[in-house]
Amino acid sequence: MAFAEKFLWSLPPVEAGGRRIKRYHVTADPAGIAPEVEKAAYAILPDLLPEPDGTPPVTFVVLHRGGDDGAYLNAYSWVWDNVLHFAGAAAGQPVLGCPDRDPAHFVRTDPGRSWIGCVWELPPIRHERDAWVRHMLAPDRPDLDAYLSDSMPDGMTGDVA
């Protein structure tokens, strides 16, 4: 099967675990991610967040519905002022320790596995890195609200070849 980009949506930020969360959804389905998968993913999200360390408590997540039974929640949290902390959860993917193929039954993935995202999940990382520098590190005064409002536009995960 040939590679194809997937749909990407930027959703309004929410709060969880004392952090403000920027959200991206990725799927091949133009209808988006099923509500029960989204609800289950965000229910496990607080378990993926690091303890506060003085850095503004902000995280961005990528919720990705795979082409099979899998669903993946990647949480990238800003720590140490300029470092990303990663934690992930998966559903419906036995190779990642999921107990069944239910795309709404999320479990935390093994922290010893050093995967941070697949090709469809990586574009938000680049955008968020640049937005963090632009709004939080480069200005004389960090602007958290500007950072929270600076998200990738809805569209595709990358250039469509």
Worksheet entry | Helix 35-44 vs. the chain, principal-axis angle (Cα, 0 to 90°, nearest 10) | 60 degrees
Worksheet entry | Percent carbon-and-sulfur accessible area, region 83-152, ignoring ligands, DNA and RNA, probe 1.4 Å | 54 percent
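Put Trp120, Trp78, Trp115 in order of accessible area, largest first, 1.4 Å probe: what do you get?
Numbers: Trp120 55, Trp78 10, Trp115 150 Å².
Sorted descending by solvent-accessible area, the residues read Trp115, Trp120, Trp78.
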Response to the item:
Taking the chain, the whole-percent share of alpha-carbon pairs separated by over 20 angstrom is 49 percent
Practice prompt. Report, to the nearest 10°, how far helix 123-132 tilts away from the longest principal axis of the Cα atoms in the chain, using its own Cα long axis and a range of 0 to 90°.
Written response: 10 degrees
Worksheet item: Build a GNM of the chain with springs between Cα atoms under 10 Å: which of Gly32, Gly112, Gly18 gets the top mean-square fluctuation?
Response: Gly112
Item to complete: Please state, to two decimals, what the Cα-based radius of gyration of region 71-161 comes to when divided by 2.2 N^0.38 Å (N = residues).
Response: 1.29
Practice prompt. Only helical DSSP H runs with n ≥ 4 go in: add -39500 (n - 2.57) per run for the chain, normalise by residue count and round the 222 nm mean residue ellipticity to 500 deg cm²/dmol.
Written response: -4500 deg cm²/dmol
Fill in: Kirkwood-type radius of region 1-84, with distances r between different C-alpha atoms, in Å
13.7 Å
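The values are calculated or read from the model by the stated rules, or taken from the named source; none is laboratory data. All values derive from a computational prediction rather than experimental measurement. Heavy atoms of the whole protein, side chains included, go into the accessibility calculation; ligands, DNA and RNA do not. Shrake-Rupley method; radii C 1.70, N 1.55, O 1.52, S 1.80 Å.
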